[in-house]
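Just passing along the structure, written as structure tokens.
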Amino acid sequence: MSGDLDMHHAEQVGAALARALSEAPQEADVIIDLTYSSFCDSSGLNTLLTAHRQALRSGRRLRLGAPSHQLVRLMESTNTVGLFAMGPMPPNSERLD
């Protein structure tokens, strides 16, 4: 994704994540590429948490690729940072546009 993960984009991002999770193979890692997203508000975090719960229910894992410092700080302040696997984007990742 690119741009802000905020109240103006949360619904669209949530729908894309729901689709990606439903189309991913069982036990797959679904990685959200956050390389080009530098801001996340509480609406965006709620969208990520909803997708995280959906992933767990469906036997998949939601990972955050290249999260911004601001997003990590938001998750630290809300005690949600431990819910997500995070790291750099793996090379040759399949993209859902």
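Mind checking which residues of segment 9-27 are surrounded by 17 or more Cβ atoms within 10 Å (Cβ to Cβ) and free of Cβ contacts under 8 Å to residues at least 60 places away in the same chain?
Answer for segment 9-27, where residues must be surrounded by 17 or more Cβ atoms within 10 Å (Cβ to Cβ) and free of Cβ contacts under 8 Å to residues at least 60 places away in the same chain: HIS9, ALA10, VAL13, GLY14, LEU17, LEU21, ALA24.
Please state which one of ASP33, ASP6 is surrounded by 15 or more Cβ atoms within 10 Å (Cβ to Cβ), touching a Gly at 6+ places or on another chain (Cβ under 8 Å) and free of Cβ contacts under 8 Å to residues at least 60 places away in the same chain.
Numbers: ASP33 fails: free of Cβ contacts under 8 Å to residues at least 60 places away in the same chain.
Selected residue: ASP6, the only one of ASP33, ASP6 that is surrounded by 15 or more Cβ atoms within 10 Å (Cβ to Cβ), touching a Gly at 6+ places or on another chain (Cβ under 8 Å) and free of Cβ contacts under 8 Å to residues at least 60 places away in the same chain.
Table: residues versus (1) more than 12 Å from the chain's Cα centre (by Cα); (2) not polar (S, T, N, Q).
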site	(1), (2)
ALA24	yes, yes
THR35	no, no
SER43	yes, no
ARG60	yes, yes
ALA66	no, yes
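Here are some conditions: (1) at pLDDT 95 or above; (2) out of contact with any strand residue (DSSP E or B) (no Cβ under 6 Å at 6 or more places or on another chain). PRO90 meets all but one. Which one does it not meet?
Among (1) at pLDDT 95 or above; (2) out of contact with any strand residue (DSSP E or B) (no Cβ under 6 Å at 6 or more places or on another chain), PRO90 violates only (1).
Name every residue in segment 12-55 that is out of contact with any Ser or Thr (no Cβ under 9 Å at 6 or more places or on another chain) and closer than 21 Å to THR78 by Cβ, in order of residue number. Can you show your working first?
At the first step, the residues of segment 12-55 found to be out of contact with any Ser or Thr (no Cβ under 9 Å at 6 or more places or on another chain) are 12, 15-16, 19-20, 23, 25, 27-30, 32, 41, 43, 46-47, 50-51, 53, 55.
ILE32, ASP41, SER43, ASN46, THR47, THR50, ALA51, ARG53, ALA55, listed by residue number.
Within segment 59-87, can you find the residues that are among the charged types (D, E, K, R) and in contact with a helix residue (DSSP H, G or I) (Cβ under 7 Å, 6 or more places away or on another chain)?
As a first pass, look at segment 59-87 and keep what is among the charged types (D, E, K, R): 60-61, 63, 73, 76.
Selection gives ARG60, ARG61.
The values are calculated or read from the model by the stated rules, or taken from the named source; none is laboratory data. All values derive from a computational prediction rather than experimental measurement. We place every Cβ from the backbone using ideal geometry, glycine too, and count neighbours over all the protein chains shown.
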